[in-house]
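This report refers to the structure that appears directly beneath it.
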């Protein structure tokens, strides 16, 4: 079945540092890929998405590129802020158009 | 436009008690979902619904029941609470229009449930 493996946390960075959170997936066919973010005490929000190979999703300075050859969708940001502190989830939507498969989440803490 | 709302925010139950977690969305979405989030385990799908009157099991349905009598509401019922059901529960909805390749799911703020 479908699965998502993402970098274990927690990740602690200083403000303005470079961020990478690794995500790899296993799926049949051509899944759509997502990064969701969960701020403390809140539900998940869609951060960015990519629906086909070589697509780059971007939002709020975050980027991720759909790499079919390496089955990866790594999240990057060039300069993190304290306000980026949250849990980040990588997810895929496989053959159906409704079922999301989530990774376990990566807690990011950014210190001033 | 409130999006997806959930009540209550927190609840403590004793073993064997029952309760209903409420979920309402005002976006006229046809699909709705219930997830549970356990520490370090990501989200697991409990039940989902593709429209009023239609529900189906997800990955972890045991111990739960759902109904969908209206487009807006999708309550989750726990009949005999067990400590293994201690978790954070999220409701979500999406507009799964036929023919598009993905559907963004919009999440509620969650209900933190503890069973003692």
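Rule-based calculations on the coordinates, nothing more; no lab input. In this text the structure is predicted, and so the values were computed from the model without any measurement.
Observations on the structure shown:
- The translational diffusion coefficient of the stretch A:22-66, from Stokes-Einstein at 37 °C and 0.692 mPa s with a Kirkwood hydrodynamic radius over alpha carbon pairs, comes to 284 µm²/s.
- Spherically averaged projected area of the convex hull of Cα atoms, the stretch A:1-111: 6.4 nm².
- Dividing the Cα radius of gyration of the protein assembly as shown by 2.2 N^0.38 Å, with N the residue count, gives 1.02.
- Inverting the pair-averaged 1/r between distinct Cα atoms of the stretch B:22-77 gives 11.5 Å as its Kirkwood hydrodynamic radius.
- Cα gyration tensor shape for the stretch B:4-116, rounded if a/c is under 1.5, else prolate or oblate: prolate
- Cα gyration tensor, the stretch B:5-47 - rounded (a/c under 1.5), prolate or oblate: oblate
- Each Cα pair under 8 Å and six or more residues apart adds its separation to the average, and for the stretch A:33-112 the resulting relative contact order is 27 percent.
- Volume of the convex hull of the stretch A:41-84 (Cα atoms only), normalised per residue: 89 Å³.
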